[in-house]
Amino acid sequence: GQKLDELLIDDLADFISAVKPLHDNIPVDVVLYEKDDFRKDFSRSSLYGATDYAVLRSAMNTRGYLQNVGFIGEQIALWLTHRGIASCWVGMAKQKTTPSRGELPYVISVEFGRGDDHPFRRQPEEAPRKKLHEFLLNEIGNPAFLPVLEAGRLAPSALNLQPVRFLTDEHHIYICRKKPPLQYRYMDQTQQIDVGAAMANMYVMCGGNCTFIRQSDPPELPDGILYEYTMRLNEPDE
């Protein structure tokens, strides 16, 4: 891949420093690595010719930390996509070096770069995703939700298993997750990151004009479906 301009990397670092988390109370660090430095510290090198990496670290003792990491990482991926830079989540990397004292635990990375010979996907319909109705647990309760749900549908997921599901009423989108099948049970944590990534797509689609909460009394769901968050679109004057 082509080396990225330093000014762009600086702009990305500025974006990361101000990125909106899903949970303000969970410490997260995002460190930008060039490829050679990433390979020194992590056991998995790029499959796609990436030149740079955003390494996400997080406190792990708080519920929602994986969704929070997914929410932040996907906003980084969307920022890059907007600038014509390809990105991919790196789910299998392991840190080779001993973490520094006080360093947050490693969770996942996003690799990125300008490919030499890989066409950049330009149209959403080029993404290999299920149809929207396959993500829905009921009829759409409000037509204003359609573009937001479509954005959630297009989010990436580990092994492209697309575990996120949506239940809606007139005022809320309930973001849910299909339990992984037995052969993928080890992916339960990764799929919580997938949920955060879908929520980031939805957040960006509505211009950040929304609120996410975790209800203690979520609606009743079909067997095999786990409740994650409730999303409400804010009124224009909120």
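Using a ≥ b ≥ c from the Cα gyration tensor of the range 1-112 (square roots of the eigenvalues), is it rounded, prolate or oblate, where a/c under 1.5 gives rounded and otherwise the larger of a/b and b/c decides, a/b for prolate?
Numbers: a/c = 1.76, a/b = 1.19, b/c = 1.47.
Judged from the Cα gyration tensor, the range 1-112 comes out oblate (a/c at least 1.5, b/c at or above a/b).
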Legend entry - Listed pairs K3/K40; K40/K94; K130/K178; K20/K179 exceeding 20 Å between Cα atoms: K20/K179
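Would you mind getting the accessible area per residue of the chain, heavy atoms of the protein chains only, 1.4 Å probe, in Å²? If you can, show how the numbers build up before the last one.
Working: 12850 Å² over 238 residues.
Here the residues of the chain average 54 Å² of exposed surface.
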Legend entry - Considering only the chain, percent of DSSP beta bridges that pair antiparallel, nearest 5: 95 percent
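Sort the range 131-185 into rounded, prolate or oblate with this rule: let a ≥ b ≥ c be the square roots of the eigenvalues of the Cα gyration tensor; rounded if a/c is under 1.5, and if a/c is not under 1.5, prolate when a/b is larger than b/c, oblate otherwise.
Values: a/c = 2.84, a/b = 1.87, b/c = 1.52.
Here the range 131-185 falls in the prolate category.
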Inset, instruction - Divide by every residue of the chain the summed helix terms, -39500 (n - 2.57) for each DSSP H run of at least 4, and state the resulting mean residue ellipticity at 222 nm, rounded to the nearest 500 deg cm²/dmol. - result: -8500 deg cm²/dmol
Inset, instruction - Set Lys and Arg Cβ to +1 and Asp and Glu Cβ to -1, take the dipole of the range 145-238 about its Cα centre, and tell me which of N209, M199, P147 lies farthest positive. - result: M199
Inset, instruction - In a Gaussian network model over the chain where Cα atoms closer than 10 Å are linked, find which of Q192, Q183, Q95 has the largest mean-square fluctuation. - result: Q183
Inset, instruction - Sort the chain into rounded, prolate or oblate with this rule: let a ≥ b ≥ c be the square roots of the eigenvalues of the Cα gyration tensor; rounded if a/c is under 1.5, and if a/c is not under 1.5, prolate when a/b is larger than b/c, oblate otherwise. - result: prolate
Inset, instruction - Express in whole angstrom the spacing between the alpha-carbon centres of the range 138-206 and the range 1-69. - result: 22 Å
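The values are calculated or read from the model by the stated rules, or taken from the named source; none is laboratory data. This one's a predicted model, so the numbers in the text were calculated from it and none came from an experiment. A quick note on method: Cβ atoms are made from the backbone with ideal geometry, for glycine too, and the neighbour counts reach across all protein chains shown. The protein model used for the area step is the full one, side chains on, heavy atoms only, and it has no ligands, DNA or RNA in it. Shrake-Rupley method; radii C 1.70, N 1.55, O 1.52, S 1.80 Å.
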